[in-house]
Amino acid sequence: MKIAFIGGGNMATALIAGLAGQAGRQAGGAHLHVVDPNTEALERLAGQYGVSTAANIDVQVGAADVVVLAVKPQQMREVAASLAPLLGAQALVLSIAAGIRIDALSRWLGGYTRIVRAMPNTPALIAMGITGMVAHGEVDEAGRQAADKVMRAVGQTVWLQDERLIDPVTAVSGSGPAYVFYFLEAMQQAALEMGLDAEQGRQLAQATFTGAAQLAAQSGDPVEVLRQRVTSKGGTTHAAIASMEAAGVKEAIVAAMKAAAARGRELGDELGKD
């Protein structure tokens, strides 16, 4: 499968590393082509993964089975205008640009419909990501499988039947790593204020978060049950949870995620205007 990337930034680099790594780094990059105006980025990608490169959209993009659009949302309209004349009839367009809806991208591509929209998250940089995906109604099973293969190079995938659910996915997993980092910041601050040094607080907080997340992933029990098991009535954990409940922490988190989803809808409206 020939794959062309338009944009060679962090997320594209993660995908390239994952796809090239499946066949052994440099050997694996032979079927990958990257377009980016940044010469330094192209030289780095070619040197590390053996990909072919170009500064502008070229015929190799037109010959690709999958074209991954990994540019900033504000650049998408211009990129689509350059790409449209070169697209092969069976090429799959896979967009990982936040906020750009399928109907807008299809319009900018002159009515092209073989489009899949994906919302990855930053743990993809260490092949631990998860991506929400939705396909245009005219994308066949082979197209969905091709898109799935690309995104599975950096983690798990979740397929959606309704594009409107991309905004909740953005709120849960797309923005989600920031919530985790925010909670870790708070844990480390508390550790400092209670007398532990910065390194001790960092180590304890990060190991606890990683371990708890793995426990939740490997256990067949709901997270509510796991929480209850470590929350003995009258104990230290109970005191902490009671304090959070009194402060409305859970309600604040839910409200924050709904705000993220609402902003995602707003961005879709703004970015899709002609």
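Overview of values
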{"item": "Every residue from segment 76-104 that is out of contact with any Phe, Trp or Tyr (no Cβ under 8 Å at 6 or more places or on another chain) and free of Cβ contacts under 8 Å to residues at least 60 places away in the same chain", "result": "Glu78, Ser82, Pro85, Leu86, Gly88, Ala89, Gln90, Ala91, Leu92, Leu94, Ser95, Ala97"}
{"item": "Wholly within segment 83-168, strands (runs of 3 or more DSSP E) carrying at least 2 residues that are of a type in the set (Lys, Arg) and surrounded by 17 or more Cβ atoms within 10 Å (Cβ to Cβ)", "result": "none"}
{"item": "Residues satisfying the stated conditions in segment 226-252, i.e. over 33 Å from the mean Cα position of the chain (by Cα) and among the small types (Gly, Ala, Ser)", "result": "Ser232, Gly234, Gly235, Ala239, Ala242, Ser243, Ala246"}
{"item": "Positions within segment 127-138 being in contact with a helix residue (DSSP H, G or I) (Cβ under 8 Å, 6 or more places away or on another chain) and of a type outside the set (Ser, Thr, Tyr), in sequence order", "result": "Ala127, Gly129, Ile130, Gly132, Met133, Val134, Ala135, His136"}
{"item": "Residues that are over 16 Å from Gly176 (Cβ atoms) and surrounded by 13 or more Cβ atoms within 10 Å (Cβ to Cβ), drawn from segment 258-272", "result": "Arg265, Leu267, Gly268, Leu271, Gly272"}
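Listed here are the residues, each with its yes/no results for (1) surrounded by 12 or more Cβ atoms within 10 Å (Cβ to Cβ); (2) of a type outside the set (A, V, I, L, M); (3) assigned by TED's automatic domain parsing to the domain that holds Ile96; (4) in a helix (DSSP H, G or I).
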{"residue": "Ala171", "(1), (2), (3), (4)": "yes, no, no, yes"}
{"residue": "Gly201", "(1), (2), (3), (4)": "yes, yes, no, yes"}
{"residue": "Ala205", "(1), (2), (3), (4)": "yes, no, no, yes"}
{"residue": "Thr208", "(1), (2), (3), (4)": "yes, yes, no, yes"}
{"residue": "Gly211", "(1), (2), (3), (4)": "no, yes, no, yes"}
{"residue": "Gln214", "(1), (2), (3), (4)": "no, yes, no, yes"}
{"residue": "Glu245", "(1), (2), (3), (4)": "no, yes, no, yes"}
{"residue": "Ala252", "(1), (2), (3), (4)": "no, no, no, yes"}
{"residue": "Ala256", "(1), (2), (3), (4)": "yes, no, no, yes"}
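The values are calculated or read from the model by the stated rules, or taken from the named source; none is laboratory data. From a predicted model like this one, the values you see are computed outputs, not experimental measurements. Here Cβ is always computed from backbone atoms with ideal geometry, including for glycine, and neighbour counts include all displayed protein chains.
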